[in-house]
Amino acid sequence: MDPTSVVICDDHAHFRRGLRALLDTSDEIQVVGEAADGAQAVVVAVRLQPDVILMDLTMPGVGGVQATADVLAACPHIGILVLSMVSDDDSVFAALQAGARGYLLKGARKAEIVRAVRAVASGEAIFGADIAARLMGYFGSPAARPNRAQTQLTAAFPQLTARETEILRLIADQMTNPEVAEMLGLSEKTIRNNVSSIFTKL
């Protein structure tokens, strides 16, 4: 399996060095570049065409949310995985609406970051446990209140089809694409296409 190419975008050079050193110990990931702010992230993305960008949200100048939108406007095939200290609802949803496919908090372990990078590169959406809990707190627990959660999702995102709403609910419950496909009796390709449609609409 070829390593996933990654660009690290964070305004703290010390953090970038530490994250690069951490990821360099994985055979599954190859760090190909760095960016110190959102504007530089776009330039580096266009030049290097990485599979995934690890994107901080809080940076001087062009922040991570705008950088995510700008990168995807220029290179829609690149997966954006947010790696940030902030976890408030506004930041999470702004990042998702800009097109981020994953959201982890800084301090996540190497195994979690590697798994998230590979998932985002393959077209999945993935969230750290804290972010998933926040999403479920917003939408309600699908296990306990599926009808209420579905209704809240439909009200929050009326542009989604019923199937897309159902898939988003399962993603928010930390299910992977293969798990969603098995539960719904659909192919993984169909789920990937629906996930792409969801994030395009949002």
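All of the numbers you see were taken from the coordinates with simple rules; none came from a lab. In this text, all values refer to a predicted model and were calculated from it rather than measured experimentally. Neighbour counts run over all protein chains shown; Cβ positions are idealised from the backbone, glycine included.
The H on the amide N of Ser5, modeled in the peptide plane, is under 5 Å from the matching H of Gln30, Asp51, Val52, each at least 5 residues off or on a different chain. Applied to the stretch 9-16, the Karplus parametrisation 6.51 cos²θ - 1.76 cosθ + 1.60 on θ = phi - 60° returns per-residue 3J(HN,Hα) values of 10, 7, 7, 9, 4, 5, 5, 4 Hz, with x for Gly and Pro. Per-residue ellipticity at 222 nm computed for the chain from its helices equals -16500 deg cm²/dmol, with DSSP H segments shorter than 4 residues left out and the rest contributing -39,500 (n - 2.57). Remark: the Glu112-Thr190 segment gains 25.5 nm on full extension, using 0.36 nm per residue and subtracting the alpha carbon distance. Taking Cβ atoms as reference points and 11 Å as the exclusive limit, the residues near Gly61 contribute a net charge of -2, counting Lys and Arg as +1 and Asp and Glu as -1. Derived scalar couplings between HN and Hα for the stretch 76-92 equal x, 7, 6, x, 9, 10, 6, 10, 9, 7, 8, 9, 5, 4, 4, 5, 4 Hz in order, rounded to whole Hz, by the Karplus curve 6.51 cos²θ - 1.76 cosθ + 1.60 (θ = phi - 60°), x for Gly and Pro. Compared with the dominant principal axis of the Cα atoms in the chain, helix 110-121 is inclined by about 70°.
With R₀ set to 22 Å, the beta-carbon distance separating Gln97 from Asp24 gives a calculated FRET efficiency near 0.10. Note that the stretch 31-48 has calculated 3J(HN,Hα) couplings of 6, 9, x, 9, 9, 9, 7, x, 5, 5, 4, 5, 4, 5, 4, 5, 6, 9 Hz, one per residue in order, obtained from phi through the Karplus relation 6.51 cos²θ - 1.76 cosθ + 1.60 (θ = phi - 60°); glycine and proline are x. Taking all Cα pairs closer than 8 Å and separated by 6 or more residues, the relative contact order of the chain comes to 15 percent.
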